[in-house]
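Asks: Here you go, one structure.
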Amino acid sequence: MEPERRTDHRRPLRTPVTIVAPGKGAREGKTLDLSLSGLSVVVREPLAVHDQCALRLLLPVGGKRCSVDARATVVYCVCSGMDGFRLGLRFGTMSNEAAALIARYMNG
């Protein structure tokens, strides 16, 4: 098993996520946890390490479910048994509004 690389605090999050990688189509999944620098998700079909993707998730903030769009890079992909594949995604480009929503959720 690889050593833990994330230094940011993680917070559990179970919400639907859509991940789109160029040339590979969309993958629907569920988030497992979130940090300021990325998230962990489970999807049915794998993506390759270093794949660039766009993602959209619904984040519960202030009693509402807010849509968050961001770019991300796959940092790991491992088989997760019957659930499919667990992906580690590191955030890339996102709007200031998306970053603020993630920060609010993490501080919630």
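Read the figures in this text as sums done on the coordinates, not as results from a lab. As the structure is a prediction and not an experimental result, all values here were calculated from the model. As a convention, Cβ positions derive from the backbone with ideal geometry for all residues, glycine included, and neighbour counts pool all protein chains shown.
Asks: In 10 Å bins starting at 0, how do the alpha-carbon pair distances of the chain split up by percent?
Replies: For the chain, the binned pair fractions read 15, 52, 29, 4 percent.
Asks: Hey, what number do you get for the chain at 222 nm if only DSSP H runs of n ≥ 4 count, each worth -39500 (n - 2.57), divided across all residues, to the nearest 500?
Replies: Numbers: 1 runs with 12 residues, N = 108.
Rounded to the nearest 500, the figure is -3500 deg cm²/dmol.
Asks: Moving to a separate point now. Pick out, in residue order, every one of the trypsin sites (Lys or Arg not before Pro) in the range 8-108 that is DSSP loop and has at most 14 other C-beta atoms within 10 Å; say none if there are none. List each step's numbers first, then the result.
Replies: Working: sites: ARG10, ARG14, LYS24, ARG27, LYS30, ARG44, ARG56, LYS64, ARG65, ARG71, ARG86, ARG90, ARG104; in loops: ARG10, ARG14, LYS24, ARG44.
Taking the range 8-108 and a limit of 14 other Cβ atoms within 10 Å, the loop trypsin sites (Lys or Arg not before Pro) found are ARG14, LYS24, ARG44.
Asks: With each label point set 7 Å from Cα along the Cα-Cβ vector, what nm distance links ARG44 and ARG90?
Replies: 3.0 nm
Asks: For GLU97, what is the net charge nearby, where nearby means another residue's Cβ is under 12 Å from its Cβ and Lys, Arg count +1, Asp, Glu -1?
Replies: Net charge in that neighbourhood comes out at 0.
Asks: Expressed as a rounded percentage, what relative contact order does the chain have, with Cα pairs under 8 Å and six or more residues apart?
Replies: Working: 245 pairs, mean separation 26.1, N = 108.
Computed value for the chain: 24 percent relative contact order.
Asks: Please work out the FRET efficiency for the pair GLU97 and LYS64, using the Cβ-Cβ distance as r and a Förster radius of 22 Å; give the result to the nearest 0.05. Don't jump to the answer; show the numbers that get you there.
Replies: Values: r = 13 Å, r/R0 = 0.61.
Efficiency computed from Cβ-Cβ geometry: 0.95.
Asks: Angle check, please: helix 96-107 long axis (alpha carbons) against the longest principal axis of the chain (alpha carbons), in degrees 0 to 90, nearest 10.
Replies: Taking Cα atoms only, the helix is inclined about 90 degrees.
Asks: A further question follows. Kindly state, to the nearest 0.05, the FRET efficiency for MET106 paired with THR73, given R0 = 25 Å and r defined as their beta-carbon distance. Before the final figure, lay out each step's value.
Replies: Values: r = 20 Å, r/R0 = 0.79.
Efficiency for this residue pair is about 0.80.
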